[in-house]
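Below is one structure, written out as structure tokens, with a few remarks after it.
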Amino acid sequence: MSGTTMRGWLLDPAPHSRRQARFGRWYRAWLSFQSNSLAMAGLLIVASLVLIAIAAPLLADPNAATLQNLAQRLQPSSAAHWFGTDELGRDVFARVVFGSRITLTIVALVSAIVVPVGLGIGLPAGYFGGSIDAVLMRLTDIFLAFPRLVLALAFAAALGPGIENAVIAIALTAWPPYARLARAETLTRRNAEFVQAAVLQGASHASILARQIVPLCLSSVLIRLTLDMAGIIITAAGLGFLGLGAQPPAPEWGAMVASGRQVLLTQWWVATIPGIAIFITSVGFNLLGDGLRDVSDSRSA
């Protein structure tokens, strides 16, 4: 099938199958997303970060990111060390490259926790209402009453330093907005005709939630997750900066900024380069999330 024929098939106003309608809807969403230059810039940044993380061993020497070489400490940018070296002689470029893996790992693990937890609390609260809704939403309100970073610091301090505990601490503070969003989406759909039809056919409550309501909530939840990834990255960097995240010699960006702050005025690259990496990655996820939200709004309009 040629490109012109494929495009016509995707944009056919009268699709002949569910498959054609589904692919056509996705293609129109992509065209809308593609027209947003800032969203495409965000996609490019995020895609580049993923590629860098995957190809990290090809881009830099893993030993240069962790092993000390005091003879080369605090060297400026050069052909041998593109971003210079840190206070222990480790290559900053290699540490930033391999640090992208830690950042994406934290984002992926937190996402894998907060979405199921948020849906697991928000869906029954919105669907059943009454006392179940009151109890679950008051629990959500308790977590929302505290600033996310402060609460994450408290959990991380209680659990102890380490990537695993940092992921748990961030996830424990990040799920409430998803519960609120899932509840709101469920409230607008629990009395819909397709839900009533499923009830008349004898479908169980669990089946209705899983097959009728969850698919309609996922798009909003995933868009919110993309927008929240910048906050997750900054919170993880904050924990690393305070020594509660990844532990040395792991090349975590927040810990790199912390180690370089003592020489910031003289050897600025040690703290500035990982700080720029945090900034660019956060901006990329924000732009991508804004683009996805705009596409969703245009499709619902």
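The values are calculated or read from the model by the stated rules, or taken from the named source; none is laboratory data. Owing to the predicted nature of the structure, the values given are computational and were not obtained by experimental measurement. Note: ideal-geometry Cβ built from the backbone for every residue, glycine included; neighbour counts use all protein chains shown.
Across the range 26-70, what is the total count of residues that are touching a strand residue (DSSP E or B) at 6+ places or on another chain (Cβ under 8 Å) and not polar (S, T, N, Q)?
Number of matching residues: 4.
Which number in (1) at pLDDT 90 or above; (2) touching a His at 6+ places or on another chain (Cβ under 7 Å) marks the one condition that V114 misses?
With respect to (1) at pLDDT 90 or above; (2) touching a His at 6+ places or on another chain (Cβ under 7 Å), V114 is out only on (2).
Which residues, taken from the range 101-146, are touching a Ser or Thr at 6+ places or on another chain (Cβ under 9 Å) and either surrounded by fewer than 18 Cβ atoms within 10 Å (Cβ to Cβ) or without any contact (Cβ under 8 Å) to a residue 24 or more places away in the chain (or both)?
F143, F146
Could you pull out every one of the helices (runs of 4 or more DSSP H) wholly within the range 1-66 that has 2 or more residues that are under 21 Å from R293 (Cα atoms) and among the acidic types (D, E)?
So the answer is none; nothing clears 2.
Tell me the residue from G129, G120, G99 that is in contact with a helix residue (DSSP H, G or I) (Cβ under 9 Å, 6 or more places away or on another chain) and modelled with pLDDT under 90, please.
G129
Return a yes/no flag: does the range 186-198 have any residue that is modelled with pLDDT under 85 and on the phi > 0 side of the Ramachandran plot.
No: the range 186-198 contains no residue that is modelled with pLDDT under 85 and on the phi > 0 side of the Ramachandran plot.
State all residues of the range 273-301 that are surrounded by fewer than 17 Cβ atoms within 10 Å (Cβ to Cβ), modelled with pLDDT of 90 or more and farther than 16 Å from L44 by Cα; if no residue qualifies, say none.
I276
Would you tally the residues in the range 243-301 being of a type in the set (A, V, I, L, M) and free of Cβ contacts under 8 Å to residues at least 40 places away in the same chain?
Residues flagged as of a type in the set (A, V, I, L, M) and free of Cβ contacts under 8 Å to residues at least 40 places away in the same chain within the range 243-301 amount to 8.
Can you work out which of the residues in the range 242-257 that are surrounded by 19 or more Cβ atoms within 10 Å (Cβ to Cβ) and of a type in the set (A, V, I, L, M, F, W, C) is farthest from V46 (Cα to Cα)?
The extreme case among them is L244.
Would you be able to tell me the number of residues in the range 39-69 that are touching a helix residue (DSSP H, G or I) at 6+ places or on another chain (Cβ under 6 Å) and exposed (fewer than 14 other Cβ atoms within 10 Å of the Cβ)?
Of the residues in the range 39-69, 0 are touching a helix residue (DSSP H, G or I) at 6+ places or on another chain (Cβ under 6 Å) and exposed (fewer than 14 other Cβ atoms within 10 Å of the Cβ).
So, in the range 84-95, of the ones that are of a type in the set (A, V, I, L, M, F, W, C) and surrounded by fewer than 23 Cβ atoms within 10 Å (Cβ to Cβ), which residue ends up farthest from L49 (Cα to Cα)?
L88
Looking at (1) under 30 Å from F93 (Cα atoms); (2) surrounded by 12 or more Cβ atoms within 10 Å (Cβ to Cβ), can you tell me which one R28 breaks?
For R28, the failing item is (1).
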